[in-house]
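Before any comments, here is the structure.
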Amino acid sequence: MIDPPEPLVAGSPGPSEALTPARLPVPSALGRLLVLAAVFVCAACGLVYELELVALASYLIGDSVTQASVVLSFMVFAMGVGALLAKRLRCRAAIGFGAVEAVLALVGGGSAMALYACFAWLGQSRSALVGFSLGIGVLIGAEIPLLMTLIQRVRRQDAGGAVADLFAADYVGALVGGLAFPFLLLPCLGQLTGALVTGAVNLLAGAVLVLWLFGRDLTTRARWALGAVNVLVLALLGAGVVLAGPFEQAARRAVYGAPARIAEQTGVQEVVLTGGMGGAPGGGAGSGRGRKGSGSPLELFLDGRLKVDSGDERVYHQALVGPAMAGGAHGRVLVLGGGDGLAVRELLRYRSLRSVTVVEIDPEVVRLARTDPGLSALNRHALGDPRVRVVTADAFNWLRGQGRSAGRRPVRYDVIVSDLPDPGITASTKLYSQEFYGLAARMLAPGGRLVVHAGPPQARPRTYWTVEATLRSVGLRTLPYRIPIPGRRSGFSAGPDRSAASFAPPNGPGPAALSGTPQYWGFVLTARRPPSLGTAPDAPPTALSLGALRTGRRDEARERIPGLPPSTLMHPRYLQ
């Protein structure tokens with residue numbers, strides 16, 4: 001049965017231009033299948049580009065909810081613009097589709113490298129993120145109208161049937177691309193090489209479809225021009241793959257200020273360790289700095305955020321651990337996070353301590369804390385102490401599981417130390433929620449204390465006081481206090497943003513020193529009865545005085561923000 005000719009619409013190309021039957025080298029049924037296969041591949045590649053932008057933006061900029069919203073919003077808008085622009089190419093659908101795929105392969109394949117370069121050397125990547133979202137969206141949006149024209153040239157069918165076939169192939173391809181990104185491309189190739197390889201696959205799919213299947217409909221000049229463009233783009237993508245390793249090393253050095261001794265993408269996060277080789281074992285305030293040849297201080301970065309700085313971490317961990325250990329019995333302690341072993345090092349200095357349980361989500365951090373010469377010397381091999389038990393688990397799920405343990409009473413802890421990532425990071429908001437603190441409070445022994453690192457109280461006071469309000473919402477009495485960050489550096493655990501300004505240059509002043517504004521670490525000590533600051537009878541000598549803690553307590557009491565609602569799983573308050 002031959003379909004009747006479609007009526008012409010004003011301004012649209014006539015049948016002789018857009019819908020003239022193509023001269024195919026294969027039967028029309030096979031040609032139609034090949035067009036649908038190209039739709040499948042292009043959809044898979046398009047979704048990989050989208051997920052790669054979201055993942056890289058969340059890593060470089062922070063706050064995955066905001067970055068995902070920015071990428072998806074701009075990309076979907078741009079896809080509509082691209083679909084409208086593609087109407088002008090329908091009369092030359094084959095060569096138009098080939099050109100679109102070549103540009104998309106180059107832009108999408110190189111987007112990860114370009115974003116990383118903008119962040120590393122220009123100090124920001126937000127503008128580039130929006131630009132790539134718009135550019136890739138326009139090119140993806142132009143694909144379906146052109147493919148619709150090409151499949152109709154292979155074999156005419158009603159518009160509804162053609163749209164159904166195209167979208168079926170498109171959605172199945174998106175499924176494959178969406179699964180391939182986290183389970184294949186990211187773990188096997190990484191973000192940079194994975195994006196470049198995706199661009200090459202995208203390019204080859206478009207080239208095969210246009211130059212071979214529809215090649216007889218192109219002029220000799222058009223075939224040579226398109227072939228040359230495809231070869232050039234493929235060469236650029238190949239060069240990117242070859243140079244990805246050196247590029248990543250150079251970009252890391254620009255970001256971290258020192259060569260990375262260890263850089264690994266675990267199943268949880270990127271772990272980077274710099275410096276720290278040759279410093280004094282055990283690490284005092286100047287560990288990693290004091291000896292000739294020690295180079296730079298030891299620094300541990302998790303997803304690009306400075307988590308450990310050997311120059312000032314001792315003050316931080318003493319301020320975190322000391323007040324909680326001073327309020328009563330402290331024989332049994334639970335540490336949530338703290339896989340670097342540094343909080344455990346401070347706990348083990350108390351003579352009456354009997355056991356420490358560490359709940360850390362990333363086993364790679366624990367492995368480094370045990371085996372890396374610099375980090376294990378800094379924590380004094382704390383995780384190898386027989387009193388220490390390490391559990392690899394998500395802290396929220398672990399607490400929830402302890403409360404549901406059947407047939408045995410859950411263990412109660414005298415002290416719980418929450419040494420978790422900053423509450424402003426999207427993945428961490430559940431670890432600062434009302435539900436999380438309710439679970440933690442159930443694990444406290446009578447008279448037990450819970451201490452929380454709550455973020456910088458001056459840089460983001462609303463976040464800090466929301467943590468305090470959330471702790472109070474589960475029936476705990478709170479005592480907020482802060483400690484000034486020593487030295488000229490900006491301090492670690494400073495916040496969720498991965499802007500370049502948050503990094504201090506090597507051996508130079510950080511942004512806090514440059515601005516002249518003192519910076520602080522903020523903590524909240526809680527218990528069922530009003531807690532107080534004091535000194536445990538078996539407290540070891542520390543560089544942190546009780547007077548400094550009480551000063552930090554008074555300063556925080558004056559700056560309280562009253563009336564803040566608690567943060568919950570369904571209504572997180574830290575990302576506002």
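The values are calculated or read from the model by the stated rules, or taken from the named source; none is laboratory data. Quick caveat: nothing in here was measured; it's all calculated off a predicted structure. Ideal geometry is used to build each Cβ from the backbone, glycine not excepted, and the neighbour counts take in all protein chains shown. We work out accessible area using only protein heavy atoms, side chains counted, and drop any ligands, DNA or RNA first. Shrake-Rupley method; radii C 1.70, N 1.55, O 1.52, S 1.80 Å.
Some points to look at:
- Net charge contributed by nearby residues that have their C-beta within less than 14 Å of Val210 (K/R +1, D/E -1): +2
- Amide H to amide H, with H built 1.01 Å from N, Arg261 comes under 5 Å of Leu273, Thr274, Gly275, counting only residues 5 or more places away or on other chains.
- Gap separating the Cα centres of the stretch 365-436 and the stretch 153-204, nearest whole Å: 40 Å
- Over the stretch 136-228, the fraction of Cα-Cα pairs per 10 Å bin, rounded to whole percents and listed from the shortest bin up, is 13, 36, 34, 16, 1.
- Modelled label reach - Thr266, point 7 Å along Cα→Cβ, the stretch 353-373 residues with backbone N closer than 14 Å: 358-372
- Amide H to amide H distances under 5 Å link Arg380 with Gly282, where only residues 5 or more positions off or on other chains count and H is placed in the peptide plane.
- Among beta bridges that DSSP assigns inside the stretch 299-409, antiparallel share in %, nearest 5: 30 percent
- Area of Glu143 that stays accessible when all protein chains are in place (1.4 Å probe, Å², to 10): 10 Å²
- Rel. contact order, % - alpha carbon contacts under 8 angstrom, at least six apart, the chain: 13 percent
- Antiparallel bridges, percent of DSSP beta bridges restricted to the chain (to nearest 5): 55 percent
- Taking packing as the residue-averaged number of other Cβ atoms within 10 angstrom, the listed peptides 235-243, 335-343, 414-422 run from highest to lowest as 335-343, 414-422, 235-243.
- Area accessible to solvent at Arg126, 1.4 Å probe radius, in Å²: 120 Å²
- The Kirkwood radius of the stretch 308-371, taken over pairs of alpha-carbon atoms, gives through the Stokes-Einstein law at 37 °C and 0.692 mPa s a diffusion coefficient of 265 µm² s⁻¹.
- Exposure rank, largest accessible area first [Lys87, Lys307, Lys430; 1.4 Å]: Lys87, Lys430, Lys307
- Calculated FRET value between Ala239 and Leu84, using beta carbons and R₀ = 41 Å, to 0.05: 0.75
- Within-12-Å neighbourhood charge of Leu368 [Cβ basis; K, R +1; D, E -1]: -2
- Correct option for semi-axes √(5λ) of the Cα gyration tensor in Å [calculated from the coordinates] among (i) 35, 29, 24; (ii) 52, 31, 21; (iii) 56, 25, 20: (iii)
- Span-like helix check, the chain: qualifying full DSSP H segments, with Cα axial length of 24 Å or more and mean Kyte-Doolittle of 1.0 or more, are 28-60, 64-86, 93-117, 126-154, 159-180, 186-207.
- For the pair Leu175 and Arg216, label points projected 7 Å from Cα toward Cβ lie 3.5 nm apart.
- Taking 17 Å as the cut-off, the amide N atoms of the stretch 367-405 that come nearer than this to a point 7 Å along the Cα-to-beta-carbon line of Arg412 belong to 402-405.
- Summed side-chain charge close to Arg550 - residues other than Arg550 whose Cβ falls under 15 Å, Lys, Arg +1, Asp, Glu -1: +2
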